[in-house]
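The structure under discussion appears below in the form of structure tokens.
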Amino acid sequence: TTSIFSHSSEGTGTTFPSDNWAQVDTSGTAGDWTRPASGAYPTASPHTGTRLAMFNSYTAVAGNQTRLYRQTGLNLSSYTSPVASFWLFNGSCGYTGNDTIQLQISTNGGTIWNNVGSPVARLDSGGWQQYSFDISAYGGAGMTNVRLGLLATSGYGCNIFVDDVTVVNRTCSAPASGGLVVGNVYDANT
């Protein structure tokens, strides 16, 4: 595995734009992505470091959406098996609204955003959990400006907390000779 990009929610200031991240409302005026030292509704501490990214779904009208996105792209032209991931905090705040995060990719400077995989629902329990997405369709020749976006959709439930966004290139070496079983393992999350 080769690390391509890694970003915790550390950085300057408690609001976006900052640290090459910005935000835009895509439906309604949902509210802001911020970078607090801790979170409420539900109570959360950062996955790593001293800050986490928070979308205010607790007070945003159901259905309203705001995208948190990188203002510059990644050069993935040398990678054939990139995988993007983020950590999402799952915890109860007494409301069961279907708040979600959708990983998005743009290859044209942020004009068009493509959904990657299905939206990830914020759950009422589980704590910090990592969600990973195969973005190999955005790797290889010509992929020199690949932007990441996290589209939050309010279910008028609990706040959404994200931390530690990464992109890695996963590679497998050839199997050594001997009694090995070679194959693929899949689960419902990927």
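The values are calculated or read from the model by the stated rules, or taken from the named source; none is laboratory data. Computed from a predicted structure; not experimentally measured. FYI the Cβ positions are ideal-geometry reconstructions off the backbone, even for glycines, and counts take in every protein chain you see. When the accessible area is computed, the model is the full protein with side chains, heavy atoms only, and any ligands, DNA or RNA have been set aside. Shrake-Rupley method; radii C 1.70, N 1.55, O 1.52, S 1.80 Å.
Considered as a group, the residues in segment 161-190 that are at pLDDT 95 or above and either aliphatic (A, V, I, L, M) or loosely packed, with under 10 Cβ neighbours inside 10 Å (or both) include one that is farthest from Thr66 (Cα to Cα), and that residue is Val168. Scanning segment 9-19 for residues that are out of contact with any Pro (no Cβ under 9 Å at 6 or more places or on another chain) and open to solvent by less than 50 Å² (accessible area, probe 1.4 Å) yields a count of 4. Inside segment 35-74, residues that are buried (at least 21 other Cβ atoms within 10 Å of the Cβ), closer than 22 Å to Leu123 by Cβ and of a type in the set (Ser, Thr, Tyr) make up a count of 3. Of the residues making up segment 81-122, those that are of a type in the set (Val, Ile, Thr) and open to solvent by 40 Å² or more (accessible area, probe 1.4 Å) number 4.
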